[in-house]
Amino acid sequence: MSTEALLMVLIIFSINIVYVSFFTVRMIMTLKGYRYLAALISTVEVVIYVVGLGLVLDNLNEIQNLVAYAVGYGTGVIIGTKIEEKMALGYITVNVITTEENRSLPRLLREKGYGVTDWDANGLDGLRKAMQILTPRKYELKLYATIKELDPKAFIIAYEPKTIHGGFWVKTVRKGKLYK
């Protein structure tokens, strides 16, 4: 393979990584309600897409360019999702169920700055403490680690809430006073 052909493969591969990373981030931002930022990203995204696709279509007789386009696309999906994980936009709701012996878990989590609503629950083997915790996604892994440290046997389920309204916690987050 000539230097020129190799350079074309690298350019197509790189362009597609950038394009699909932008595409992935833009799609996630759209789903999370950041429509204006998503629109801005899509403007850049479409220019990159047209340039990359044009290079491939102009050189369809070179199979390595098509392979570079496809591999770059797949790599871009992985990189785009990694970027989104680092951005950690939005919030996560975590439901935790702990055993009767560990009834102090809600208080310990509140002391660490988490907003916790708790109630008594009944499980197969008796009384439990159920909790609902809302936290910014950027603190999600830290919350899991804290829960597992305080109660390694805790049952944890997490999901992303679509709408959040009211409560002391939302005001506290907006003032930046969480997680001392």
**Q.** Pairs, first closer than 15 Å to A5 by Cα in the stretch 48-76, second at pLDDT 90 or above and surrounded by fewer than 15 Cβ atoms within 10 Å (Cβ to Cβ), C-beta under 8 Å, six or more apart
**A.** A68/L10
Q. When residues of the stretch 68-79 are filtered for being open to solvent by less than 80 Å² (accessible area, probe 1.4 Å) and either modelled with pLDDT under 90 or hydrophobic (A, V, I, L, M, F, W, C) (or both), how many remain?
A. 6
**Q.** the stretch 50-67, residues that are more than 13 Å from I15 (Cβ to Cβ), part of a helix (DSSP H, G or I) and open to solvent by less than 90 Å² (accessible area, probe 1.4 Å)
**A.** Q64, L66, V67
**Q.** the stretch 21-45, residues that are surrounded by 13 or more Cβ atoms within 10 Å (Cβ to Cβ) and β-branched (V, I, T)
**A.** T24, V25, I28, T30, I41, V44
Q. Within the stretch 67-83, which residues are in contact with a helix residue (DSSP H, G or I) (Cβ under 6 Å, 6 or more places away or on another chain) and among the aliphatic types (A, V, I, L, M)?
A. A68, V77, I79, I83
Q) Among the residues of the stretch 115-155, which ones are closer than 22 Å to M87 by Cβ and charged (D, E, K, R)? A) R137, K138, E140, K142
Q: Could you grab me the full set of residues in the stretch 152-180 that are at pLDDT 85 or above, over 20 Å from K32 (Cα atoms) and surrounded by 13 or more Cβ atoms within 10 Å (Cβ to Cβ)?
A: A154, F155, I156
Q) Would it be correct to say that R26 is touching a Leu at 6+ places or on another chain (Cβ under 9 Å) and modelled with pLDDT of 85 or more? A) yes
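The values are calculated or read from the model by the stated rules, or taken from the named source; none is laboratory data. Here the structure is a predicted model, which is why all the values come from computation and not from measurement. With ideal geometry, Cβ positions are generated from the backbone for all residues, glycine too; neighbour counts draw on all protein chains shown. The accessibility values were calculated without ligands, DNA or RNA, using every heavy atom of the protein model including side chains. Shrake-Rupley method; radii C 1.70, N 1.55, O 1.52, S 1.80 Å.
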